[in-house]
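Undergrad: Can you read through this structure? Questions will come right after.
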Amino acid sequence: MSLDAGVVGTDGGHGHAVVIGSGFAGLTAARALAHFMDRVTVIERDWVPRGPGRRPGVPQARHTHSLTAAAQHGLEQLFPGVAGDLAGAGAVRVRMPQDMLVLGPGGWLPRFDSGLSLLSAGRDLIDSALRERLRADPKVAFLPGHEALALEPGRHDTVTGVQVRARDRGAPGGWSERRLIPAEFVVDATGRGSRAPQWLAELGYDMPAETVAGPRDSFATAVFAPPVGHVADWKALLLMPDPGGRARGLLHPVEGGRWSVTLRTADPEQRPTDHAQFLQAAADLRHPLLHDVIEAATALGPVYGCDRTGNRRRHYERLRRWPDQFVVVGDALADLDPAHGQGLTFAVECALVLDRLLAGHGTTVGLGYRLRRALAHQLAPAWQAGPRRRAARDPRPGLRTRLAGRYTARVAAAATTDRAAATWLLERDQALTPRAAALRPGALRAALTGPRATAPAGPPSTTHGPTAPYRRRLAPDPPATATAPGAARTRHTGPPPHHPTAAPAGDRHRP
Ligand SMILES: Cc1cc2nc3c(=O)[nH]c(=O)nc-3n(C[C@H](O)[C@H](O)[C@H](O)COP(=O)(O)OP(=O)(O)OC[C@H]3O[C@@H](n4cnc5c(N)ncnc54)[C@H](O)[C@@H]3O)c2cc1C
């Protein structure tokens, strides 16, 4: 299904919809439903902040978030002009790899305009931009401090509402008695902790099969103020793991001129929990650049951790019996490896599918199967990329996996000097490429011919590259070829890397 045709509005007349959860998936689904339904109520267990407030229900909001080009495009269809709102609030557009220093598996990628871009911002800011738009819509109401407990069954396999309880300090246990919120359509957008399988089981339906794929990694994130006078000809850094490795580091600019820095470790035991460990983990990455820039920066707040990530999906599309007028979206449906920044993209895609099918079908009744199938179809490319990565790390790979690994390694090596290969590698990293794209002519040619020239000796940067004053003080670059996973790198012990030439405030990313 093409999601490119723009959202399809109707004049309503279809009753009340309830969206459970006011995270990103809930907000985008509410927008889609508001095109079709008469009223939409968004139920949220937490409070619903005005502005970019933090909530316990979305702990992952502390980690680096960005919107892929696909997510931005989808959001514009749902909330026209929202990218402008975000940019106005300080979100930073990062063209890849033009504005980003990327260390790929085979070495540093050249910087050029590939057409790929990210919108980088704190997750709280992203959610608040959507919330404020919805608040301005008279059809949409938020019901904060309400927890959904169960689905209300109707006749002939339908859902007719949600059982909720409200926070009540005066009540025993802190919650009110349960009550019913009737609805003609219910969306579960409660994130990875979704209880939809249990809710279905309580009503006598089968629980969905679940697939878990890919490694379960850990993430640590800290926010920094760049050093005073920081001068760089880049906005973001990405150090991908070498083949077979998992440690990964990224630095994204976020609102307020700050940096959000996230490190991925394979082992929760190795996840940094304080700033000293964070710096050490950054130093152990394949290249010292990320360590060196944050060493000179000022930490703002603690180091936040996140374990138990990976790829997990629930196969609702396989269930034979299903209550009509109910659907599951976002992380509640599929929880994708955060390293590849696909969760928000998938949530937007879910909302667009909802929008399109409701408008096309003309009623909320009898749409359950088509919706579940369409959402599974939409998930396929990002989902396939997870197992692909898992296969690449299999300690005893089969022939097919070995060949695929060698192919990828050759394209990755060529990516240091070949733009088509570099674009393919970045798309693959963001899980944007379907399987068939592996044999795209540019990638195929790169795999056959290999690198066209010698790989660059260091980051392609006038401010942080091999010829920059900063780089001359560092140890030589490690070789671009793979090293043993987890092998410790030479720690940079030189003087603080940033030359303190004055940079105008608010213009920190310009050279
Ligand atoms: C470390 C990390 C980094 C990430 N980086 C990126 C990135 O760069 N780009 C990207 O696209 N994705 C990223 N993701 C993924 C992204 O965070 C998720 O895909 C996204 O949060 C999913 O949104 P959601 O609305 O489905 O769930 P959530 O954001 O988890 O929202 C669920 C909401 O439901 C509420 N809720 C739960 N249960 C109930 C109930 N019973 N009743 C009422 N309310 C309830 C919760 O309070 C919460 O508000 C990252 C994830 C992690 C962990």
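Undergrad: To the nearest 20 debye, what charge dipole does segment 298-345 have about its Cα centre, counting +1 at the Cβ of each Lys and Arg and -1 at the Cβ of each Asp and Glu?
TA: Charge dipole of segment 298-345: 300 debye, to the nearest 20.
Undergrad: What's the center-to-center distance, using Cα atoms, between segment 260-290 and segment 12-31 in Å?
TA: Answer, in whole Å: 38.
Undergrad: Still on this model: Among 375-382, 83-90, how do they line up from the highest to the lowest mean number of other beta-carbon atoms within 10 Å?
TA: Listed from highest to lowest mean packing, they are 375-382, 83-90.
Undergrad: Mind ordering 120-130, 173-183, 253-263 by average Cβ neighbours within 10 Å, highest first?
TA: In descending order of packing, they fall as 120-130, 253-263, 173-183.
Undergrad: Could I ask something else about it? Any idea how far apart residue 47 and residue 87 come out in nm if each label point goes 7 Å out from Cα toward Cβ?
TA: Inter-label distance under the simple model: 3.4 nm.
Undergrad: Mind listing the phi-derived Karplus ³J(HN,Hα) values for segment 402-416, rounded to whole Hz, using 6.51, -1.76 and 1.60 with θ = phi - 60°, and x for any glycine or proline?
TA: Going residue by residue, I get 5, 5, 4, x, 5, 4, 4, 4, 5, 5, 5, 5, 5, 4, 6 Hz, with x marking Gly and Pro.
Undergrad: Let me ask something else about it. So, in nm, how far is label residue 274 from label residue 225 when the simple model puts each one 7 Å beyond its Cα toward the Cβ?
TA: 2.3
Undergrad: First measure r as the distance between the Cβ atoms of residue 384 and residue 467, then evaluate 1/(1 + (r/R0)^6) with R0 = 51 Å and state the FRET efficiency to the nearest 0.05.
TA: 0.80
Undergrad: Taking the Cα centre as origin and putting +1 on Lys and Arg beta-carbons and -1 on Asp and Glu beta-carbons, what dipole magnitude results for segment 40-117, to the nearest 20 debye?
TA: 260
Undergrad: Taking Rh as the Kirkwood radius computed over C-alpha pairs, what is the Stokes-Einstein D of segment 102-204 at 20 °C in a medium of viscosity 1.002 mPa s, expressed in µm² per second?
TA: In µm²/s, the coefficient rounds to 119.
Undergrad: Going by accessible area, probe 1.4 Å, with all protein chains left in place, what is the ranking of 304, 369, largest first?
TA: Of 304, 369, the descending order of accessible area is 369, 304.
Undergrad: Same structure, new question: So what does residue 275 come to for accessible area, using a 1.4 Å probe and Å² rounded to 10?
TA: 60
Undergrad: Whole-Hz ³J(HN,Hα) for each residue in segment 276-290, computed from phi via Karplus 6.51 cos²θ - 1.76 cosθ + 1.60 with θ = phi - 60°, x for glycine and proline: what do you get?
TA: 5, 5, 4, 5, 5, 5, 5, 5, 7, 5, 5, 9, x, 4, 4
Undergrad: Within the set of other residues whose C-beta is less than 11 Å from the C-beta of residue 205, count the net charge using Lys and Arg as +1 and Asp and Glu as -1.
TA: The answer is -1.
The values are calculated or read from the model by the stated rules, or taken from the named source; none is laboratory data. Since this is a predicted model, take the numbers as computed values, not measurements. Cβ atoms come from the backbone with ideal geometry, glycine included; neighbour counts cover every protein chain shown. Heavy atoms of the whole protein, side chains included, go into the accessibility calculation; ligands, DNA and RNA do not. Shrake-Rupley method; radii C 1.70, N 1.55, O 1.52, S 1.80 Å.
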